[in-house]
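What follows is a single structure, written as structure tokens, with notes after it.
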């Protein structure tokens with residue numbers, strides 16, 4: 001996927017602190033769909049037109065706004081309390 005020039009990975013990393021790998025994957029997947037959703041919503045492309053295109057034919061870079069909207073849509077699945085419990089366990093017992 002193409003990223004727009006406005007994407008600031010450091011900002012995004014800070015926003016997903018505490019997210020699991022699966023949560024981050026969901027954020028990326030949701031952000032990747034944003035340009036297509038916007039194209040459909042604005043009438044630039046129809047669902048049929050998108051379905052008939054190969055992925056490399058759709059030139060829609062993912063913007064910072066797309067990622068931020070996706071982060072707002074995808075909640076982290078692990079609570080801060082649970083993360084603290086995991087950290088306490090690792091501090092006490094370490095890794096196997």
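Can you sort 95, 28 from fewest to most other Cβ atoms within 10 Å of each residue's own Cβ? Present the calculation step by step, with values, prior to reporting the outcome.
Details: 95 4, 28 17.
Ordered by Cβ neighbours within 10 Å, fewest first: 95, 28.
Roughly how many nanometres apart are two label points built 7 Å out from the Cα toward the Cβ at residue 57 and residue 15?
Spacing of the two 7 Å Cα→Cβ label points: 3.1 nm.
Nearest 10 degrees is fine. How inclined is helix 80-93 to the longest principal axis of the chain, computing both from alpha carbons?
On a 0 to 90 degree scale, this one is about 50.
Against the longest alpha carbon principal axis of the chain, how many degrees, from 0 to 90 and to the nearest 10, is the axis of helix 64-73 turned?
Helix 64-73 sits roughly 60 degrees off the main axis of the chain.
Which one, [x] 30; [y] 50; [z] 44, gives percent of Cα pairs over 20 Å apart as derived from the coordinates shown?
From the options [x] 30; [y] 50; [z] 44, the structure gives [y].
Using Cβ counts within 10 Å as a stand-in for footprinting exposure, how do 37, 54, 17 rank, fewest first?
By the 10 Å Cβ count, ascending, the order reads 54, 17, 37.
Helix 21-41: angle to the longest alpha-carbon principal axis of the chain, degrees 0 to 90, nearest 10?
Rounded to the nearest ten degrees, it is 20.
Compute the length gained on full extension between residue 41 and residue 72: take 0.36 nm times their separation in residues and subtract their Cα-Cα distance, giving the result in nm to one decimal. Write out the running numbers ahead of the final one.
On the way: separation 31, 0.36 × 31 = 11.16 nm, distance 1.93 nm.
That works out to 9.2 nm of additional length.
In segment 65-85, which residues have a backbone nitrogen under 18 Å from the label point lying 7 Å from residue 25's Cα in the Cα-to-Cβ direction?
71, 74-78
Could you tell me the distance between the Cα centroids of segment 1-27 and segment 37-96, to the nearest Å?
Taking the Cα centre of each part, segment 1-27 and segment 37-96 sit 7 Å apart.
Taken together, the values in this text are just the output of simple stated rules run on the coordinates, not laboratory data. These numbers come from a predicted model, not from an experiment. Don't worry about glycine lacking a Cβ; one is built from the backbone with ideal geometry, like all the others, and counts go over all protein chains shown.
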